[in-house]
Structures are given as C-alpha cells and as structure tokens.
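Each remark here refers to the structure printed beneath this line.
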Amino acid sequence: MIQNKMGLKSLLNAKPVSVAVAAQPAVSFLYLNLDRGNVAVFQANEPIALKDWILTNKTLVDRTYAKEGLLLFRGFDVAGNQAFQDTTALLSNELMDYTEPSTPRSKVADKVYTSTEYPKDQYIPMHNEHSYSNHWPQKVWFYCAQPAELGGETPISDSRRVYQLIDPAICEEFERKGVMYVRNFSEGLDLPWQQVFQTEDKAQVEAYCEKAGIAYEWKKDGNLRTRQVCQATFVDPHTQEKVWFNQAHLFHLSSLDSSVQEFLIDQCGIDNVPRNSCFGDGTCIPDRYLEAIRDAYQRTQLIFSWEKSDMLMVNNVLFAHGRHPFSGPRKVMVAMAEPYHHRSAASDNGATEVVAETRKETARFFINKSSDSQDHQVLKYKLAAAYRIMVTENLDEGGISGHITMRVPDQPNAFWVNPFGLLAEEVTPENLIKVDKSGKVLEGDYPVNTAGFCIHAAIHEAWPDLNCVAHTHSPWGTLFSATGLPIKPIDQNCCLFFENHVLYEHYNGPVNNPEEGQNLAEALAGMDVAILRNHGTITGGGSIEAAIIRMVAIERAYRLNFLALEHNNMHLITDDVARLTREWIGNAIGFAVEFNALLRKVEKIYPDFRQFKPSAL
C-alpha cells in the first residue's frame, strides 16, 4: 500500500516559507534602468567566453533580441577583434563590409571596423547606420575594447518613438518628397571618391552609381559630386512599425558649428561643401524641421557608460545611435550584418505592400478595441476570467490544483493568485488574494496554495518579463508530458512553441520545496513554456493574454503531437518557416484578440460573472 507523503492535517498546517536565494547563476538576465527606458542585459557573473556561451544559448539570445531589438552582453570574455567577429557571426547569416562609407573608419579584422574616427571633442549626431542610402545593415554590433576615461557613451534612440515625436505635418512632407543627399568628394575636406568606392577606375564608379540610383557628375578638377534621393521613413518588415529612417539632420550643413559652416562656404561655395541635404525635389529643408528632428532624438536617448568587453547588439532599423565626446583613449569596434536592399524590395509588383497595409489596418482595428490597461480592477477581472477559460477549454481537472498568477503593477514583488480550495469557476476578482514573494498574504481572506506559491514566486523572481504565469494539469498536457518528447512543428499552432519550450524531467511529487521551484525557474532558460514530465505545463507571458492563450494553444499542440506518435512519415514544417510563423502569430495583438473572444465566451456561459466587469472594459 502506498503511504501518503502528507496527510490532510499536515497539509492544513503547512505554511508558506520564504524562498531562499539560490546560488547566483553563471549568467543573469536583467535590465539597465535608464532615465528614458531600459536596456536588456545578459550579465556574466563569472569568467565565460561570450562565443562559447552563445553557442549553447543561441535560441535564448535570438528570442530575446527579437523581443527587445537592443541587447547588451556584459561581463563576458571577448578576446579581441577576431573573437568579436566570430561571436557576431554566430548571430547572423551574413556579415557585411563597410561599403559606400560616409565617415572614416579603419578595418581591424575581416568584417570589423573602428567606430567613426571623428574628433573626440565632438558629438556624432544620432543616426541609423547607412540610412542615407537604399541599402543598410539590419544588425549592428559594438564591442568596447577600451572605455574612455570620461564620456564616449554611445546613446541609443528608438526610431519608432522619434517618428512619433516629430510633427505629423513635417513627417508627411518628408515622406512625400524624400531626402536628397549631396556629396562633393575631395582630398582633405572629406573622403576622396577613390576611398569611398574602393577603386581608381571612374568607369567602375559610374557603373556602381547607375546600379544604385545615384546621380553623378565629374567636376573639372577631377573630383566627384553625387546626388541620391532616399527614403525619409521606413516600415520595419518584421514589426510593421514605421520608423524615422534618414540622415537629413546629420548631412545638413547646419549640423556643423557655425564657424565651420562659414569656413566651408568661404572655401568651397555653398554648392561644393563636402556634404549637404535637402528635400528630394531639391527644395531646402526649413531649419525648424531640422531642429524638431534633433529635439526628438535628444528626448529619446538611452545613455549608459561602456565597460570593458561590453558587446551591444542593435536592430539598426528600430534603433539609432550616436557618440558623446570623450577624453583619454577609447576603442569601440563595429560590425554590421544582414544587408537590406530597399530598391529591390520596392520593385515588387505591389501585392506585398497591399497585404502589409491590410495587415496594418487589421491591427489598428483590434488595437483600438483592445486594452493594455494596468488598472488593478481590469487586471483582476481578466485574471479571474482566465480561471474560467481554463474550465471552458477543458484545461482544468475539475478540481483545485491549477493556478495562475499575475504580477501587481508597480509592485514587482507581489502577485495575485487564486484562493486555495476554490474551484476555478468560483474565482472572482473579489476573492483573489495578493501575496508577496515570501508567501505572506497581503490582501484576501484565504490561504495560498503552497505548491503554486513555490513555483510561481521563483519564476516571477527569476524572469522579470514574465508578468503572468499559468500552471495546469490539463488532460492532453499531462499525457504528453509522460512521453518526455518536445513539441514538433506539425501545424501553425504548434509553431508557436518552436524553440520556445523546455522539458523539465524531474518529478518529485507535489512541489512543496522552494528549491524545487528555483530549479524549475532556472530550467525555463528564458523560454515561455515548460513541459513538466508526468506533471503538466507552465506557460508565461508579459500579459495575462499571452500566458493564457499559450496554455490554450499548447493543449491543441499536445493533442496533435500525441496522435502523430502513431505515424512515422510525418512531414514537419521546416525550421525557418516554423520560426517565422512563431514570430507572426506570437504577438501581443494576436494574443489579445483570441483572449477577448474567449472572454466573451466566459461571459456568455457565466452571465453572473459580468457583474464584476469594470467600466474600463
């Protein structure tokens, strides 16, 4: 006869215990909290070669970068320029040469360059790399071999936010006219054309310009003048968000000190200054427009100090960068990757643009109807509804074992959870309890589920971006967990979990030990889903919607994958397509649309539940 590990009396007398702080992991994920936002960081807490760590954690890095667009690696060992290049190559399918340069740089490895060699007492204005052309890197890396004694920061601005801050009338005129960049190449005052085009042959320069859509003119002194009209804004192909994407303010003569402007005009004449910008139709850009652009960049800068061996990975479309003045020696290297050719993309037959615009209109419709409110009553209503979704979608056991937690906004060490002993369909916004990370009930008249507390407290502590965590013993989930197998990309729904779930193989009975919760949290490794062998499932997300829809979707995926075990000739979705599909469907808007549909279903099945609905919804 099997002896019970814990009798009813012992269970009733069980008290939450404080979660012991686990040994510090070799690498932590955290955020640098700056004045105007945050920067995601992987922090090495002991000497680790960055290249080696990425080799074993590439999926985590790729997912985090896709979410953040800006990722700092700090405390790792990066042994010089070649190691920097080797590391960047792990995270990109094509490193680039620095072609058609606008500033002087030195090549220090095959695909690694010095950052712009510009006087140390000068600011380098904010810009997206190569946004003065119709081709640019989608990724840019910076590696700090030696931080400056003072200053020398590389400020970062969100190009989406910059676009939003600029007067819509200014944006409209820029978008309608485009930006023309005028360059006069000469020895001494700027880069000579031979250096920019990497040839002494004028015929090769002409062929390059014609292919790139650059107007060129050979002047009497043998020097070259070029004019090129390029985009003012750009729609990111992955997020479908519009960004400010040009260097009009940087190329414009007004970016220089007034004394330098006067010198260049006096020496060269206004038409022959090394570089300048205007609208695409040749008309002047008003000074107030340029000031508005610079002001938008100034208001969005994220600024942090470099540390030795820092490596920064930047989405060059979503984020612009610059440089502050500095004193003392400073060595910051740059690598670029994944070229994007705007001209070829624009030459499609227009069908892609139509689809993209339709998708944006659909997104706008649901954004207008959705709510990301952080109001406590709204979140508690959604959380209570989430428990009933577990019932309507057959994810509960008809018992009291499942639990869902939501981090309380502005109280990172507190979360709401269901009262222990109630069925899921008995949970309401009014009887939810609030507990802190030590298990103390802060609000509510019920005790906390010890197992739920041990698991969820550890996960919330370890992964700050997982605001909502759900755990169920669903029928198909529990059955499939016993196979010890991962989810295969059989259909679109299964792709949501491609490279986004872990297998936790240690089942030691009900989780009543804080250490077990910590082990589980660490095993998540930045993923949103954990399959617990012989136990069930954990899903997480930045919102209630994300965590719950992942739980609903994974039950469908479990069913398909279990049925597929009977067949040996399954045709699986390829890795690249599965990865793309995951990014396509695994977004906040999609999660909200499906959650709201299930919420309406709950309100129809449980009409009395609507009495708790806040007016904000």
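The values are calculated or read from the model by the stated rules, or taken from the named source; none is laboratory data. Note that this is a predicted model, so its numbers are computed, not measured. When we count neighbours, we look across all protein chains shown, and the Cβ atoms used for this are built from the backbone with ideal geometry, even at glycine. SASA here: full protein model, heavy atoms, side chains in, ligands and nucleic acids out. Shrake-Rupley method; radii C 1.70, N 1.55, O 1.52, S 1.80 Å.
Quick notes on this structure:
Every residue, every condition in (1) touching a residue at least 60 places away in the same chain (Cβ under 8 Å); (2) β-branched (Val, Ile, Thr); (3) in contact with a Pro (Cβ under 7 Å, 6 or more places away or on another chain), yes or no:
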| site | (1), (2), (3) |
| --- | --- |
| 380 | no, no, yes |
| 389 | yes, yes, no |
| 403 | yes, no, no |
| 406 | yes, no, no |
| 420 | no, no, yes |
| 431 | no, no, yes |
| 435 | yes, yes, no |
| 444 | no, no, yes |
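- Here 181, 163, 208 are screened, and the one residue that is buried (at least 18 other Cβ atoms within 10 Å of the Cβ), part of a helix (DSSP H, G or I) and in contact with a Ser or Thr (Cβ under 9 Å, 6 or more places away or on another chain) is 163.
- Annotation note: of 246, 184, the sole residue that is under 20 Å from residue 321 (Cα atoms) and modelled with pLDDT of 90 or more is 246.
- Restricted to region 565-609, and to residues there that are within 19 Å of the chain's Cα centre (by Cα) and part of a loop (DSSP other than H, G, I, E, B), the residue that is farthest from residue 498 (Cα to Cα) is 587.
- When restricted to residues that are part of a loop (DSSP other than H, G, I, E, B), touching a strand residue (DSSP E or B) at 6+ places or on another chain (Cβ under 9 Å) and either surrounded by 15 or more Cβ atoms within 10 Å (Cβ to Cβ) or on the phi < 0 side of the Ramachandran plot (or both), region 479-495 contains 3.
- When residues of region 408-446 are limited to those that are closer than 24 Å to residue 611 by Cα, assigned to a strand (DSSP E or B) and of a type outside the set (A, V, I, L, M), the one most open to solvent (accessible area, probe 1.4 Å): 443
- Considering residues of region 562-617 that are open to solvent by less than 70 Å² (accessible area, probe 1.4 Å) and of a type in the set (D, E, K, R) only, the residue modelled with the highest pLDDT: 603
- Within region 281-305, the residues that satisfy the criterion of being part of a loop (DSSP other than H, G, I, E, B) and surrounded by fewer than 22 Cβ atoms within 10 Å (Cβ to Cβ) are 281, 282, 283, 284, 286, 301, 303, 304, 305.
- Taken together, 505, 461 contain a single residue that is without any contact (Cβ under 8 Å) to a residue 40 or more places away in the chain and either closer than 25 Å to residue 382 by Cα or charged (D, E, K, R) (or both), which is 505.
- Scanning region 187-202 for residues that are open to solvent by less than 60 Å² (accessible area, probe 1.4 Å) and either at pLDDT 90 or above or aliphatic (A, V, I, L, M) (or both) turns up 191, 196.
To keep it simple, each residue is scored yes or no on (1) in contact with a helix residue (DSSP H, G or I) (Cβ under 7 Å, 6 or more places away or on another chain); (2) open to solvent by 30 Å² or more (accessible area, probe 1.4 Å); (3) closer than 23 Å to residue 402 by Cα; (4) at pLDDT 95 or above.
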{"residue": "509", "(1), (2), (3), (4)": "no, no, yes, no"}
{"residue": "515", "(1), (2), (3), (4)": "no, yes, yes, no"}
{"residue": "526", "(1), (2), (3), (4)": "yes, no, yes, no"}
{"residue": "533", "(1), (2), (3), (4)": "yes, yes, yes, no"}
{"residue": "558", "(1), (2), (3), (4)": "yes, no, yes, yes"}
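- Any chance residue 376 is open to solvent by 60 Å² or more (accessible area, probe 1.4 Å), more than 18 Å from residue 610 (Cβ to Cβ), at pLDDT below 95 and of a type outside the set (S, T, N, Q): yes
- Of all residues in region 217-240, those satisfying the criterion of being surrounded by fewer than 17 Cβ atoms within 10 Å (Cβ to Cβ), among the charged types (D, E, K, R) and in a loop (DSSP other than H, G, I, E, B) are 219, 220, 221.
- Single residue of 293, 265, 285 found to be free of Cβ contacts under 8 Å to residues at least 24 places away in the same chain and farther than 30 Å from residue 81 by Cβ: 265
- Hits in region 520-529 - residues which are in contact (Cβ under 8 Å) with a residue 40 or more places away in the chain and either part of a loop (DSSP other than H, G, I, E, B) or over 9 Å from residue 455 (Cα atoms) (or both): 522, 524, 525, 526, 527, 528
- Some residue of region 229-240 being charged (D, E, K, R) and touching a residue at least 12 places away in the same chain (Cβ under 8 Å): yes
- Of the helices (runs of 4 or more DSSP H) lying entirely inside region 1-96, the ones with 3 or more residues being over 17 Å from residue 311 (Cα atoms), of a type outside the set (Val, Ile, Thr) and at pLDDT below 90 are found at 8-13.
- Matching entry among 332, 354, 314 (being at pLDDT 55 or above and under 22 Å from the mean Cα position of the chain (by Cα)): 314
- Flag if residue 395 is touching a residue at least 40 places away in the same chain (Cβ under 8 Å) and either of a type in the set (Asp, Glu) or in a helix (DSSP H, G or I) (or both): no
- The set of residues in region 379-407 that are open to solvent by 10 Å² or more (accessible area, probe 1.4 Å) and of a type in the set (Gly, Ala, Ser) comprises 398, 399, 401, 402.
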